[in-house]
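Derivation of every value follows stated rules applied to the coordinates shown; laboratory data play no part. Keep in mind that what you see is a predicted model, and the values were worked out from it rather than measured. Cβ placement follows ideal geometry from the backbone for every residue including glycine, while neighbour counts extend to all protein chains displayed.
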Amino acid sequence: MTLQIKSFEEYKAAYERSVQDPEGFWAEQASSFYWKEKWDTTLEWEFKSPSVKWFLNGKFNITENCLDRHLESRGDQVAILWEANDPNAPAKSYTYKQLYIEVCKVANALKANGIGKGDRVCFYMPMVPELAIAVLACARIGAVHSVVFAGFSATALADRIKDATCKMVICSDYNNRGAKNIPVKAIVDDALSQGCDSIETVLVHRNTGGDVNWQENIDKWWHEEVDGQNPYCPAEVMDSEDMLFILYTSGSTGKPKGVVHTCGGYMIYTCFSFRNVFQYQEGDVYWCTADIGWITGHSYIVYGPLLAGATTMMFEGIPTYPDAGRFWEICEKHKVNQFYTAPTAIRALMAHGNEYVNKYDLSSIKVLGTVGEPINAEAWHWYNEVVGKGNAPIVDTWWQTETGGIMITSLAGVTPTKPTYATLPMPGIQPCLVDGDGNEITENDVEGYLCVKFPWPSMLRTTYGDHERCRQTYFSSFTDKYFTGDGARRDENGMYRIIGRVDDVINVSGHRMGTAEVENAINQHPGVVESAVVGYPHDIKGQGIYAYIITADEVNDEDGFTKEIRDVVTREIGPIAKPDLIQYVPGLPKTRSGKIMRRILRKIASGDTSNLGDVSTLLNPDVVESIKEGAKV
Ligand code: WT7
């Protein structure tokens, strides 16, 4: 196993070493894995193109490290523990041995359906064990998984299938989520009707049962394809830099891009970070409440925990069904030791009152984690005191889809915490703050653009099918640095606090959204002339979506039109992108060169119209007054 740091002194020593001799440090971590052929060069990199390669010419398969390697020592230990949406349904569990067998069977079924190394397989599935199993089955045969969060719309799914030219979609028939029943297969059918010509097979897992439309030459039932398969499947030999998966994420411009992660570095880093951040011990039950449709689920439900031989829990449902005590009921029931969730869930549950927490015995909890957006002080203290009873250190983990693993965080019980601060970088991570001119700020007690100046093993390698976009987005703002898109503060002790995005990306309930993407969706409505979307402070969601819209004709039925706009966005992206507030405006404040002044729109949306700065140089200064008057906050 990789190093597990046990004291602040050890952390400081490991950090120092990882900066002085990064290659030596990571080679040491990598040597504890199972390689078929050892790598010959640890690292080759330059951030111009960019080109980053770790553990060059190493040969192995990540699933042999997640599964085969554990069979002898922990074959009968639970690998995946699954809790259903329905609180009365029995939990399911898979030991490492059972998981290994299921993965092999699905891997053989994929092969039998023409899937091989390098082929892209799209997932559109709820949080059922079969999702994790099939993801691992792809990795077993060297196929590239592209998991799409099942809350995205058919159109969003189609966009992602087309971008990665996927050969197969794996989905379920329906999905029970809270009190809702979602027709998952029908959404896939709708996506395929939007021109996904590359798809040869749709593999359908029967989850709830119920009628589905069936296309004989394309649709196949999971149970018919998988059940009779051989429970052994040799692992495809992969190179460290072969692609492991694609995961789409939003940026400030254009359509979502496919972030590409490769096998070697990702394996080392997710295991290393999992063990150190959460201080996982033999026999612990670890629960991350994320969905596998996001990077958090990839790295810290599936890969990191399984690589570390942990018991990882998957939950099908939502925090408030059947009531706001569900998370805590599950923690009590399964004696959860490490609990990892998002600030938006903490705030939502906090609003329901302490009784829901206090009803349950949470004494098993040793570590509390948070991820996805800045955590406000009130939520931090509630989490610490009401959930953790002051006994469970909070790890506020800052990272991104692109970073593959946790970058800045406390190590539970090992390094200090500070409310609302992610605190210190992981060993091997070299963050820095940069000013507007691109100069690194070396002092403490400062704010700046958060960058990373040295490669780390799990960083993105490219954006699928468009390497130039990767360079442009992450490596062109500041010379020789990876730019995160976040602003951060560093206190007098060198601890980091993430302030939030400084680009046109908003973070709604921990879901990342490009304002341009939402605007494009709104503009699909034939009555819309132009729109501008900004984030505004929202008590539960962190940020809400505020849309300013210019319509062709006067809007008489505002409620009706607003509903139409929300429907368009739901159709184009999904319900998570629906604007919370919509204001119909006669114009948008623009500079003389025609650029929308978002700064002004953000300020108005935040409810602060006191000091909008000099608007006299705008193309249309009058419009600002009228927007202020009609503001929805
Ligand atoms: C953005 C990345 C990787 C986890 C899920 C989100 C924000 C993430 C924190 C945190 C403050 C955070 C940043 C980042 N973010 N974690 N602990 N504190 N902000 O992944 O969808 O790629 O979004 O989430 O703004 O850039 P993602």
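As a proxy for reagent exposure, Glu355, Glu572, Glu385 were ordered by neighbouring Cβ count within 10 angstrom, fewest first; the result is Glu355, Glu385, Glu572. The Cα atoms of the chain give a gyration tensor whose axes a ≥ b ≥ c have a/c under 1.5, which makes the shape rounded. Take every pair of alpha-carbon atoms less than 8 Å apart whose residues are at least six positions apart; their mean separation over the length of the chain yields a relative contact order of 13 percent. Projecting the Cα positions of Ser531, Ile627, Ala143 onto the charge dipole of the chain (unit charges on Cβ atoms of Lys, Arg, Asp and Glu, taken about the Cα centre) puts Ala143 furthest along the positive direction.
Each Cα pair under 8 Å and six or more residues apart adds its sequence gap; the mean of these over the residue count of the range 506-565 is a relative contact order of 32 percent.
In the range 55-162, if the dipole is taken from +1 on Lys/Arg beta carbons and -1 on Asp/Glu beta carbons about the Cα centre, which of Ala154, Ile80, Tyr96 is farthest to the positive end? Of Ala154, Ile80, Tyr96, it is Ala154. Taking Cβ separations below 4.7 Å as the criterion for a possible disulfide partner, the isolated cysteines in the chain are Cys66, Cys138, Cys171, Cys196, Cys263, Cys271, Cys288, Cys331, Cys432, Cys451, Cys470. Rounded to the nearest 20 debye, the dipole size of the range 549-633 about its Cα centre is 600 debye, using +1 on the Cβ of Lys and Arg and -1 on the Cβ of Asp and Glu. Taken about its Cα centre, the chain carries a charge dipole of roughly 600 debye when the Cβ of each Lys and Arg holds +1 and the Cβ of each Asp and Glu holds -1. Once backbone amide H atoms are built at 1.01 Å from N, Arg177 has Ile182 as its partners under 5 Å, excluding neighbours fewer than 5 places away on the same chain. The residue among Ile115, Thr415, Trp45 whose Cα reaches farthest toward the positive pole of the charge dipole of the chain, with charges on the beta-carbon of Lys, Arg, Asp and Glu, is Thr415.
Our summary gives the range 347-481 a relative contact order of 16 percent, counting only alpha carbon pairs under 8 angstrom and 6 or more residues apart. Within the shell of other residues whose beta carbon sits under 12 angstrom from the beta carbon of Thr63, the net charge comes to -2, with Lys and Arg scored +1 and Asp and Glu -1. Rounded to the nearest 20, the size of the Cβ-charge dipole of the range 260-372 about its Cα centre is 200 debye, with Lys and Arg at +1 and Asp and Glu at -1.
The distance separating the Cα centre of the range 374-448 from that of the range 500-527 comes to 26 Å. Exposure proxy ranking for Val212, Val569, Val204, based on other Cβ atoms within 10 angstrom of each Cβ and starting from the fewest, stands as Val212, Val204, Val569. Remark: for residue pairs Lys117/Lys481; Lys257/Lys366; Lys92/Lys366; Lys59/Lys105; Lys111/Lys578; Lys12/Lys48, the C-alpha separation exceeds 28 Å in Lys117/Lys481; Lys257/Lys366; Lys111/Lys578; Lys12/Lys48. In the neighborhood of Gln543, defined by Cβ-to-Cβ distances under 11 Å, what is the net charge if each Lys or Arg adds +1 and each Asp or Glu adds -1? Net charge around Gln543: +1.
Panel order for Phe55, Phe60, Phe454, by other beta carbons found within 10 Å of each beta carbon, from fewest to most: Phe454, Phe60, Phe55.
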